[in-house]
Amino acid sequence: MTQASYVLLPKDGPPDLLFVLLHGAGADGEQMRPLAEALHRQYPRAALVLPNGFQPFDAIPGGGAGFQWFSEEGDEALRALRLTAAVPPLVALIRQWAVKLELSWERVALGGFSQGAMLALEALQQEEALAGRVLAFAGSYAYWPQHAPQDVCIHLLHGKDDPELPYPPLLDAAKELMSLGADITADVLPHVGHELHPQLIERAMEQLRTFIPARLWREAVLTAAEQDKTEPRH
């Protein structure tokens, strides 16, 4: 199990939300600090956990600084298998924190950059009742989506000038997920490369403030229908 490099808790009282933020390959939890600070300003009652990856970064001969969630060495099929294998320990980490903070899965959100975003998206494909939202920055889907995560809001945020993970395949996956009934948004910003750019972070904060999950719409419609049944007819 990886150790959190940075944990931020509310100063007074228990948290009402949990954000687990996953860095990119070759970095550490500190990479996600700009996102954590923006989330803290918007949600001062939230707990923020920025863990280091499960493994030392292996892409530099002789070893290098930073961590990774899974090795990206080898061909695409091998990388996808390693990504799949990284999901169970991530699920355990997320649930460990949710239990510790006494928060239901709907009160948990994931954020990820690059490799961390790929892992977060795959975790929500594999595991139900894990998190209510995900913010995926400069990420991608390793596998073509087969189903829409139930009652999960997915926010994809990408730079149009990203040379490492070009945005068109991600938009194709977003369209597929939308056709499957997913609650999903996709923002591609011009003049932004493969980075956790301040404009992407601000757009994510806006999506969190304004996007209403379909689940809440359904609940509102059902409540209105029940009220309509009980109201007297004139």
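Some observations on this one:
- Think of a 1.4 Å ball rolled over the protein heavy atoms: the range 5-89 then has 47 Å² of accessible area per residue.
- With only the Cα atoms considered, the range 1-54 has a convex hull volume of 70 Å³ per residue.
- Net +/- balance of residues flanking ARG133 in space, Cβ distance below 11 Å, scoring K and R +1, D and E -1: -2
- Peptide ranges 164-172, 138-146 listed from the most packed, as the mean C-beta count within 10 angstrom indicates: 138-146, 164-172
- Within straight-line reach of LYS100, meaning a Cα separation under 18 Å, sit the following aspartates and glutamates at least 8 residues removed in sequence or on another chain: ASP12, ASP16.
- Helix axis angle, 33-42 relative to the chain longest principal axis, alpha carbon, degrees: 20 degrees
- 0 to 90° range, to nearest 10: angle between helix 115-126 axis and the chain longest Cα axis: 50 degrees
- Full-stretch length increase - HIS191, GLU176 - with 0.36 nm per residue and alpha-carbon distance subtracted: 2.8 nm
- Rounded percent of accessible protein surface that carbon and sulfur make up, the chain, 1.4 Å probe: 55 percent
- Highest mean first, the peptides 22-28, 206-212, 102-108 sorted by other C-beta atoms within 10 Å per residue fall in the order 22-28, 102-108, 206-212.
- Dividing the summed helix terms, -39500 (n - 2.57) for each DSSP H run of n ≥ 4, by the number of residues in the chain produces a 222 nm estimate of -12500 deg cm²/dmol to the nearest 500.
- Candidate residues LEU124, LEU180: accessible-area rank, largest first, probe 1.4 Å: LEU180, LEU124
- For the chain, the longest principal axis of the Cα atoms and the long axis of helix 76-101 meet at an angle of about 60 degrees.
- Ranked order, LYS100, LYS160, LYS11 - accessible area, probe 1.4 Å, largest first: LYS11, LYS100, LYS160
- For the chain, a Gaussian network of Cα nodes joined below 10 Å ranks VAL192, VAL99, VAL20 by mean-square fluctuation, and the top entry is VAL99.
The values are calculated or read from the model by the stated rules, or taken from the named source; none is laboratory data. No experiment lies behind these values; they were computed from the predicted model shown. Note that each Cβ is placed from the backbone with ideal geometry, even for glycine, and that neighbours are counted across all protein chains shown. For the accessible areas, the whole protein counts, side chains as well, though only heavy atoms, and no ligand, DNA or RNA atoms are used. Shrake-Rupley method; radii C 1.70, N 1.55, O 1.52, S 1.80 Å.
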